[in-house]
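Novice: Please read through the structure below; I'll follow up with questions.
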Amino acid sequence: MYTTRKSYTPFVGPFDPCPPVRVKTYETPPQLYMGFQPCGLPQFQPKEALRHGTLWPALFAPYTNPYEQGGNRE
């Protein structure tokens, strides 16, 4: 499944002073996956585009909090 949220497991040392975060996540922008901008992409209305920060829905990616969806921390 395609997703802009990626995850990785960082190294956890035996002498780390804090409890480890076993899985860390980050988001990548959607323009990384679009090689070029094709002609005729659908567009938001001007007022909507200002609210979303982009004219094209294909390039809109709101930040999603991973901890609200059940969490990625162990």
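The values are calculated or read from the model by the stated rules, or taken from the named source; none is laboratory data. Source: prediction; values computed, not measured. When we count neighbours, we look across all protein chains shown, and the Cβ atoms used for this are built from the backbone with ideal geometry, even at glycine.
Novice: Of all residues being surrounded by 10 or more Cβ atoms within 10 Å (Cβ to Cβ) and among the hydroxyl-bearing types (Ser, Thr, Tyr) in region 39-66, which is modelled with the lowest pLDDT? Just the residue, please.
Specialist: Per the criteria, the residue is Thr64.
Novice: So which pairs qualify, if the first residue must be in region 1-21 and among the charged types (D, E, K, R), the second must be part of a strand (DSSP E or B), the Cβ gap must be under 9 Å, and the two must be at least 6 apart or on different chains?
Specialist: Pairs found: Arg5/Thr25; Arg5/Tyr26; Arg5/Glu27; Lys6/Thr25; Lys6/Tyr26; Lys6/Glu27.
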